[in-house]
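Have a look at the structure below, then the notes.
Every read-out reported here was derived from the displayed coordinates using simple, explicitly stated rules and does not represent laboratory data. Keep in mind the model is a prediction, meaning the values are calculated, not measured. Reconstructed Cβ throughout: ideal geometry from the backbone, glycine too, with neighbour counts over all protein chains shown.
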Amino acid sequence: MTVKLGVPSKGRLMEKTFDWFSQRGVTLTRTGSEREYAGAVNGVQGVSLVLLSAGEVPRELATGRLHFGVTGTDLVQERLPLWEQQIEPVQELGFGHADLVLAVPKAWIDVDTLDDLDAAATAFRAVHNMRLRIATKYHRLVREHLRHGGVADYALVDSQGATEGTVANETAEAIADITSSGETLRANHLKVLGEEPILRSQATLWRSRVAPVSDADRVVIDGLISQLTG
Amino acid sequence: MITRAQTLARAAELRARFEAAGALPVETPILQSAETLLDLYGEEIRARAYVTSDALRGEQMLRPDFTVAVVQMHMADGAEPARYTYSGEVFRRQEHDPDRANEYIQVGYEVFDRANPAASDAEVFALIAQAVAPLNLRAATGDIGLLTAAVRGLKTTEPRKAALLRHIWRPRRFRALLDRFSGRVPLSARREQLLAGDIACDAPLVGKRTQAEIDRRIQTLRDDAKAPPVSAAEVDLLDALLGVRETLPFALEQLRDIAVDLPSISSAVDGISRRAEALAARGVDVENLPFETSFGRTSMEYYDGFVFGFFSPNRADLPALATGGRYDALTRRLGQGAEIPAVGGVLRPGLMLELEAQS
């Protein structure tokens, strides 16, 4: 058995994760062809690299198939309702910053808070005979946020991409999505509701609380944690 | 460990007991229209019910309770008056507490009767109370109708009352609205600007909500800003009302005192008094029956009058073993123009057996 470390398999998130580890003396590399998701770990013994989609890291940690994994706080909290019991954060990595925010058309000058959104949603339902639609892929986080804020009369509609465009396309009246700079929101004539974001997220190294660990693994795990966080 | 067979046997006993009390046994489908439940409860139901779908019928939900289906059945072709009983699985999505069951057996008793609501309330409560009597549970009762009557009677604008009524079941939002309407929270600087017409927007309006809707809301906000605040005296009376938590005779005394200054609740208080008599006539120990105005306010339910629950005093970790209440408004919403006063309650035989096994 080796200790398994899961990191995102492509893009900037992978590159920055590789950089972050190499700055701490752990070299992660992809092996084989460009398209093959295989990897190697140098600089520490007994750790194997698993390359996978960032969205699958939470589940793999929660089921114990990974001992460590890198993914965003947003994906962990959306996909693992009881995440604190299943995994624990080891270190925030300082990149991949993004906020999950609610956004409405900028021209809605009467809507700045959840309170306003609730009032607008009720009036909208009376006029259009449908609930005000909010497009998102973060269903659970958004629903809990709106319940906490006491917003009723809305409907979540699923949007797995190009969420900012749903309002202009009239498949939603508002959106909830991850934003880092807000530029896409502005370009689509949307504004963030002027309250705290639903969640502040960044790339984080997590550790599974449930993965099986042998005595030898324990030594490797302690060594890895002290090397990465020391 | 309680087996499923034991739970089903207990459920059958309970249902037979309700049949003996005059109820007609009914069955309802497990799959229910998601649209109906979403319309009734809003998006929050998705956190509590399992959703499934197919390409033809779209979204369906595994029944989170029987009441909606029983009401639909009764409104479609039920004779009046009617008493129904049922037993079967309900399904509740659990995302916060892994120890809570996501599938369990419920046995229920529902009364659709126009004649004497107080007597029907007492009938349902007494039957459920007798069924759980050997368990020595703690009873809780309340009446959602008190708070709605109080809100309707406030000396303030109709839109404010409508907003408060809509959020009766969300105490935090209710409180925030009340604070705003009573002038306890000042307008934000941005809101002041909006009301003064000082906010311009150069971005084009995208989406389905029209400029007319935006203008109308701003006008509503301006009207609201001009309306006098809900008086501190009325807010105090609402707080006093929400604070009533006593055995029923003392609660009634306090409610009558409050009704002197808040006459809008008088008829609701008279109703509670009539119910107390009906309960006593059914042999319920009314002298020691707790009453709490706020009871039943935080559960996302459809009750709009009498509400009750039975809890284990030793096992605070367990959910209610029995709950029930009056849901006249639900029959109105599902009845397409028709309506009938209705009250019902449900038991959880699995939890009853679990408690019995402990003692």
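For the stretch B:104-183, run through the chymotrypsin sites (Phe, Trp or Tyr not before Pro) and keep only the ones in DSSP coil with at most 13 other Cβ atoms within 10 Å of their Cβ. Numbers along the way, then the final one.
Details: sites: B:TYR104, B:TYR109, B:PHE112, B:PHE125, B:TRP169, B:PHE174, B:PHE181; in loops: B:TRP169.
Answer by residue number: there is no such site.
Shielding of A:134-142 by partners, i.e. mean partner chain Cβ atoms within 10 Å per residue?
Numbers: counts 1, 0, 0, 0, 0, 3, 3, 0, 1.
If you average over the peptide's residues, the count of other-chain Cβ atoms is 1.
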Give me a single rounded figure for A:109-118: the average over its residues of other chain Cβ atoms within 10 Å of their Cβ.
5
On Cα atoms only, tilt of A:114-128 relative to the major axis of chain A in degrees:
60
Let me know the mean shielding of B:208-215 by other chains, meaning the per-residue number of their Cβ atoms within 10 Å of its Cβ.
6
Add -39500 (n - 2.57) for each DSSP H run of 4 or more in chain A, then divide by its residues: what number comes out at 222 nm, to the nearest 500 deg cm²/dmol?
-9000 deg cm²/dmol
Treating cross-link reach as a plain straight distance, find the aspartates and glutamates whose alpha-carbon is under 13 Å from the alpha-carbon of B:LYS226, omitting any fewer than eight places away in the same chain.
B:GLU192
When chain B is treated as a GNM, springs tying every alpha-carbon pair under 10 Å, which of B:ILE105, B:ILE258, B:ILE214 comes out with the largest mean-square fluctuation?
B:ILE214
Residue among B:VAL70, B:LEU194, B:THR157 farthest towards the positive dipole end of the protein assembly as shown, charges placed on Cβ
B:LEU194
DSSP beta bridges in chain B: the antiparallel percent, rounded to 5, is 95
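Net charge around A:PRO212, counting only other residues with Cβ within less than 15 Å of its Cβ (Lys, Arg = +1; Asp, Glu = -1)? Each step should come with its number before you reach the end.
Working: positive: A:LYS4, A:ARG65, A:ARG207, A:ARG209, A:ARG218; negative: A:GLU60, A:ASP215, A:ASP217.
Taking every other residue near A:PRO212 into account, the sum is +2.
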Mean residue ellipticity at 222 nm from the helices of chain B, using -39,500 (n - 2.57) per DSSP H segment of n ≥ 4 over the full residue count, to the nearest 500 deg cm²/dmol?
-14000 deg cm²/dmol
Using 26 Å as the Cα-Cα cut-off, could you pick out the over-long pairs in A:LYS106/B:LYS155; A:LYS191/B:LYS155; A:LYS106/A:LYS137; B:LYS155/B:LYS208; A:LYS16/A:LYS191?
A:LYS106/B:LYS155; A:LYS191/B:LYS155; B:LYS155/B:LYS208; A:LYS16/A:LYS191
Considering only chain A, percent of DSSP beta bridges that pair antiparallel, nearest 5:
60
What is the fewest-to-most order of B:ARG275, A:ARG79, B:ARG175 by other Cβ atoms lying within 10 Å of their Cβ?
B:ARG175, A:ARG79, B:ARG275
Residue among A:GLN23, A:LEU13, A:ALA107 farthest towards the positive dipole end of the stretch A:1-143, charges placed on Cβ
A:LEU13
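Given Cβ point charges of +1 (Lys, Arg) and -1 (Asp, Glu) and nothing else, what value in debye, to the nearest 20, does the dipole of chain A about its Cα centre take?
Values: 24 positive and 30 negative charges, 134 e Å.
Dipole size: approximately 640 debye.
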Taking springs between alpha-carbon atoms closer than 10 angstrom, which of A:LEU82, A:LEU28, A:LEU51 fluctuates most in the Gaussian network model of chain A?
A:LEU82
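How large is the charge dipole for the stretch B:211-321, taken about the Cα centre, if only the Cβ atoms of Lys, Arg (+1) and Asp, Glu (-1) carry charge, to the nearest 20 debye? The partial results should precede the final answer.
On the way: 11 positive and 19 negative charges, 54 e Å.
That gives a dipole near 260 debye.
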I'd like to know which of B:PRO29, B:TYR41, B:ALA9 lies farthest towards the positive end of the charge dipole of the stretch B:1-60, counting +1 on Cβ of Lys and Arg and -1 on Cβ of Asp and Glu.
B:ALA9
Using a Gaussian network model of chain B whose springs link C-alpha atoms within less than 10 Å, name the residue from B:LEU221, B:LEU146, B:LEU62 with the highest mean-square fluctuation.
B:LEU221
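Which trypsin sites (Lys or Arg not before Pro) does the stretch B:290-359 hold that lie in a coil by DSSP with at most 16 other beta carbons within 10 Å?
Numbers: sites: B:ARG297, B:ARG315, B:ARG326, B:ARG332, B:ARG333; in loops: B:ARG297, B:ARG315.
The qualifying sites are B:ARG315.
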